[in-house]
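The values are calculated or read from the model by the stated rules, or taken from the named source; none is laboratory data. For clarity, every value in this text was computed on a predicted model and none was experimentally measured. FYI the Cβ positions are ideal-geometry reconstructions off the backbone, even for glycines, and counts take in every protein chain you see. All accessible areas refer to the heavy atoms of the entire protein, side chains included, with ligands and DNA or RNA removed. Shrake-Rupley method; radii C 1.70, N 1.55, O 1.52, S 1.80 Å.
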Amino acid sequence: MELCGLSSFWSDSLNSAKNSSSPFSKTIRKAQLQDIKGLTEVITQSFHPTKGCFSLVQPLLRLGVYEDLRSRLRADAPHYCCLVALEISETATGQQEKVIGTIELTLRSSFNTHYPYISNLAVAHSHRRQGIARNLLIKCEQIAKEWGHQTLSLHVLDNNYAAKKLYTNSGYQLSETELNWPNWLFHNRQRLLLQKTLEPFSK
């Protein structure tokens, strides 16, 4: 079984909500090296928006994201998967793909056990509130079950209310709150570890 080779297309419910005459379609697949530029842009704009002093260091942040992604994709580790959500349009020269979202899934180690962990869930600002993040989460759940695991974990900042609502509505529950003295003294944002128990495959 290919560990990250899902033939994972967009949910029928989302496609049916679109106008049948729309020139665009959406799909989710395993990320490829050719997607790195688009992935980098979506992740950088999501986690390092251009405002205030961040505009001065954003080129360096973008370069760091690019190099980290390239390293992970080239490594092609057996239990690592980067998914990309694409908007596909028909042009005179063929199909054109635009990266509109991404998510990464890997195995982490803790106390001699391994568990699937989600990171870098990001959706382009122009395509939010369209079900993209939810569909990316669903694909990760399918992959985690194919890997033989029954739980899936992720972190979210305690003041990221939109993300917390998404995860809560998707079945994730609070597992642990990271409490440490620097965060408490300086009122920094704390990270919450959320976990979801996955339903087994239907027989």
**Report entry** Scope region 30-61; condition of a type in the set (A, V, I, L, M, F, W, C), within 22 Å of Arg74 (Cα to Cα) and outside any loop (DSSP other than H, G, I, E, B); matching residues
**Finding:** Leu33, Ile36, Leu39, Val42, Ile43, Leu60, Leu61
Report summary line: If we take region 63-123, then strands (runs of 3 or more DSSP E) inside it with 3 or more residues that are among the polar types (S, T, N, Q), modelled with pLDDT under 95 and open to solvent by 40 Å² or more (accessible area, probe 1.4 Å) are 94-110
Query - Scan of region 124-135 for residues that are open to solvent by 40 Å² or more (accessible area, probe 1.4 Å) and without any contact (Cβ under 8 Å) to a residue 40 or more places away in the chain, ordered by number - result: Ser126, Arg128, Arg129, Arg134
Requested in this report: Please work out which one of (1) of a type outside the set (D, E, K, R); (2) open to solvent by 90 Å² or more (accessible area, probe 1.4 Å); (3) at pLDDT below 95 is the condition Gln173 fails and give its number.
Outcome: (3)
Report summary line: When every residue in region 176-203 that is open to solvent by 70 Å² or more (accessible area, probe 1.4 Å) and either touching a Pro at 6+ places or on another chain (Cβ under 6 Å) or at pLDDT 95 or above (or both) is compared, the one farthest from Ile103 (Cα to Cα) is Thr197
